Amino acid sequence: MQDPNEVRNSHVQRFQAEPTLFSAPGRVNIIGEHTDYAEGFVMPAAIDFTTVAAISPRTDGRIVIYSLHFAEEVSFDLANLPAKGTHHWSDYPMSVVSVLKSVGVDPVAFSLTFAGDVPLGSGLSSSASVEVAVFLAVASLSARKFAPQEIARLCQRAENEYVGTQCGIMDQFISCCGAKDHALLLDCRDLSFRLAPIPTDVSIVISNTMVKHSHAGGEYNTRRAEVEEGVTILRKHRPEIRVLRDATVDDLAKWGHEMRPSVLKRCRHVVTENNRTVAAADALASGDMKELGRLMAEAHASYRDDFEGSCKEADLMVELANTLPGLIGARLTGGGFGGCTVNLVENGQAAAFAGSLKAAYLKESGITADVYLCHASAAAGPVETA
Ligand code: GLA
């Protein structure tokens, strides 16, 4: 959890103004990967890694933003704001200014300081947590009120249009709507959701392969394009298929041969993952941890073999987890091509599990992994300092 006092003190020192503070969590996805942009199902939880944004108004017509992480300040003239990102960390906070402007909230001058402890580029949604924390901060200077679902939608749009990552709604949504000690099953078609308590005897252990990814312009967008290609073929036969949510395993069996083999595999992952995610939510709700673990294992295999979104380090991490006592289920979490695995572990075994996994991973890969014992946490909101 990012310490708000650190952000507040830095802000006061730099800008000589008392700020208002907002915090937004990262997330771990328990199951449902690359299904959100197909209007399917996802089941993430917000976690106790956060971004904190501190804001105060200015009178000189400028937006000045300081990142504690990068120890760098950027400054923009209100009369001349950039229309697009420039592949700089400031794209994330500025994307929010831009999207607010697009819905009629005229930019005003402010100073903003932000920092977070969501590991960057690790599949735990550091980007969404920055967007949501900054959104709350900037919106607090206007009279407009936004519902959490609306904030999620706008932050997704900010990332799509300004930063250039064609991400779905999951990360921003869970950051805005997550609940302490709960996972959230989200229907990405209509944004209806259902909370499911994580049993008190289950721990969330997140292990970082230390392989970083970057989604903007990379493999993530390529995979989205492949999925689209598959939909175009299915739609020729069943025009009611607008996105993969509308397709079934039978549709793929009938018309998959018309697709390039890689495209068929991507589509098969998404269609089967949707089914698994709904089944996993039922398993969690009824306390059937064995079934949940089985579905997570199947989801990892599908992510690895059909979606080809894993990497050898994540496969190794999951394989090693499967040999350790107390494991309920393990899989690669997040956008893929590196990042973290999520492990649901029996409480009593969690600390030993974390230690053994780290040691085994070091032995096999030569890499020292960060392993975190996380808790499902509350949604974004204002924070107080001590
Ligand atoms: C990233 C994106 C999400 C989602 C996941 C994959 O985290 O931001 O929208 O597509 O990848 O499930």
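The values are calculated or read from the model by the stated rules, or taken from the named source; none is laboratory data. What you see is a predicted model; the values in this text were computed from it and never measured. Here the Cβ positions follow ideal geometry from the backbone for every residue, glycine too, while neighbour counts run over all protein chains shown. Heads up: the accessible areas ignore ligands, DNA and RNA and are worked out on the full protein's heavy atoms, side chains in. Shrake-Rupley method; radii C 1.70, N 1.55, O 1.52, S 1.80 Å.
Summary table
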| item | result |
| --- | --- |
| Charge dipole of the stretch 90-195 about the Cα centre (unit charges at C-beta), most positive-ward option of VAL134, PRO119, SER192 | SER192 |
| Dipole in debye (nearest 20) - the chain, about Cα centre, beta carbon charges: Lys, Arg +1; Asp, Glu -1 | 480 |
| Solvent-accessible area of ARG157 with every protein chain in place, 1.4 Å probe, in Å² to the nearest 10 | 80 |
| Per residue accessible area in Å² of the stretch 103-155, where ligands, DNA and RNA are left out and the probe is 1.4 Å | 32 |
| Binned Cα-Cα distances of the stretch 179-324, short to long, each 5 Å bin given as a whole percent | 2, 8, 15, 17, 19, 18, 13, 6, 2, 0 |
| Equivalent ellipsoid, the stretch 318-386 (semi-axes from 5 times Cα gyration tensor eigenvalues, Å) | 26, 15, 13 |
| Contact order relative to length of the chain, as percent, for alpha carbon pairs under 8 angstrom and 6 or more apart | 24 |
| Percent breakdown of C-alpha pair distances by 5 Å bin, ordered from the shortest bin, for the stretch 243-386 | 2, 9, 16, 18, 18, 14, 11, 7, 5, 1, 0, 0, 0 |
| Quotient of Cα Rg and 2.2 N^0.38 Å for the chain, N being how many residues it contains | 0.99 |
| Within the accessible area of the stretch 304-386 (1.4 Å probe), percent carbon and sulfur | 52 |
| Accessible area of the stretch 30-122 belonging to carbon and sulfur atoms, whole % at 1.4 Å probe | 53 |
| Whole-number D in µm²/s for the stretch 84-146 (Stokes-Einstein; Kirkwood sum over Cα pairs; 25 °C, 0.890 mPa s) | 197 |
| The stretch 237-263 versus the stretch 39-78: alpha-carbon centroid distance in Å | 40 |
| Above-threshold pairs, the threshold being 29 Å between Cα atoms, out of LYS84/LYS265; LYS212/LYS290; LYS254/LYS290; LYS84/LYS358; LYS180/LYS358 | LYS84/LYS265; LYS212/LYS290; LYS254/LYS290; LYS84/LYS358 |
| Cα centroid of the stretch 94-170 to Cα centroid of the stretch 1-34, whole Å | 13 |
| Normalised per residue, the volume of the convex hull around the Cα set of the stretch 66-203 (Å³) | 124 |
| Rounded to the nearest 20 debye, dipole of the stretch 164-286 from Cβ charges on Lys, Arg, Asp, Glu | 320 |
| Cα Rg, Dmax, the stretch 50-107, angstrom units | 11.6, 32 |
| Mean ellipticity per residue at 222 nm, deg cm²/dmol - from DSSP H runs of n ≥ 4 across the chain, formula -39500 (n - 2.57) | -12500 deg cm²/dmol |
